[in-house]
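Heads up: the structure comes next, in C-alpha cells.
The values are calculated or read from the model by the stated rules, or taken from the named source; none is laboratory data. Here the structure is a predicted model, which means the values were calculated and not measured. Reconstructed Cβ throughout: ideal geometry from the backbone, glycine too, with neighbour counts over all protein chains shown. These accessible areas exclude ligands, DNA and RNA; they are computed on the full protein's heavy atoms, side chains included. Shrake-Rupley method; radii C 1.70, N 1.55, O 1.52, S 1.80 Å.
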Amino acid sequence: QLLSECAMMYNSLQEFRDRRDECVQYNLGNQLGRLVPDPDTGGSTKISIKQYAINQGMTPLQMNLITSRIRSMVGSYQKQKLEDLALARDSEKAELGEMMSAGLQYLYQNNNLYRVNADGYREFLIGALPCFRTGYDFDKDKKISDVYVELEDINVMFWDTCTYGLYFKNISTIGRLHEFTLLEILSKFAKTPKMRRQIIDAFNEVSNTPEYQQFSKTNNK
C-alpha cells in the first residue's frame, strides 16, 4: 500500500517535472524546441515550435538572456561565501556556541556546502524548487560515520501533493527513487528463500508493465 501511494505521489508530479524541464531547455538556449501539435497532420504528430514557424513561412529568432543572468546571480552568491555561526544568547553558554560554530564550519568544509548551496541556488532560479537531503552515514574513504548534505535530482523526488505553504509544514510523506539491480534488492531484503522467490516474481511482473518499460527507456537515454 505504501509503495502504491508513493507511486501515485510521483506520478502526480509529472506536470511539474515537465514544466521544470522546459525551464531547463530555456536556460540552455533551446527556447524553440518545445513540441506542439502539427496542424498539417491534424495534430496526430508533434513538431518543434521552430519547425512550426518555418512551416508557416516565418523566420524563427531567439535570444537567450536567461543563461547570462543566472550565471551572474550565482557568481555573486558564490563570492559572498557567508558562514553560518551559532550565537549563544546566554553568556554562560558562549563556549557551547563556539563549539557549534566550529561544527558548522566542519560541515561546510567536509560537504563542500559552498558549492552545494550555489548549485541549489541555480536550481532555485531555473526550476523554483531545490531539494536537499541530509543524513548521517558511514564514509568509506574516511572509515567513520559522518553527516552528509546532498542536492537531490528533483526528477527522482516525490512528496505528498496535498502539502501547502512555503515551508511544507504539513507534509506527511517525502521520498526519492532508488535504483538497484535485482541482486542488490535480494541482498538487502530477501531474508528467506520464500522472500527471495516473492521478490523475483514481483520484479518479473513489474518489469513487463508498459509503465516500467517507458520509465526504463526514459532513464536510459
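Tabulated values for the structure
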item	result
3J(HN,Hα) from dihedral phi, the stretch 135-151, Karplus parametrisation 6.51/-1.76/1.60, rounded to Hz, x for glycine, proline	x, 9, 9, 7, 8, 5, 5, 8, 6, 9, 7, 8, 7, 10, 9, 10, 8
In Hz, Karplus ³J(HN,Hα) per residue of the stretch 203-208 (6.51, -1.76, 1.60; θ = phi - 60°; x = Gly, Pro)	5, 5, 5, 5, 5, 9
J(HN,Hα) series, the stretch 31-48, from Karplus relation 6.51 cos²θ - 1.76 cosθ + 1.60, nearest Hz, glycine and proline x	6, 9, x, 4, 8, 10, x, 7, x, 6, 10, x, x, 6, 10, 10, 9, 6
Solvent-accessible area per residue, Å², over the chain with all protein chains present [probe radius 1.4 Å]	77
Protection-proxy order for peptides 179-188, 69-78, each taking the mean of Cβ atoms within 10 Å per residue, highest first	69-78, 179-188
Three-way shape label, the stretch 1-123, alpha-carbon gyration tensor, a/c 1.5	oblate
Label corresponding to semi-axes √(5λ) of the Cα gyration tensor in Å when calculated from the structure given, among [x] 43, 22, 17; [y] 39, 32, 16; [z] 26, 19, 17	[y]
Choice from Asn155, Asn11, Asn204 showing the highest fluctuation, given a GNM over the chain with Cα pairs closer than 10 Å	Asn204
Most mobile of Gly103, Gly29, Gly165 in a GNM of the chain (Cα contacts under 10 Å)	Gly165
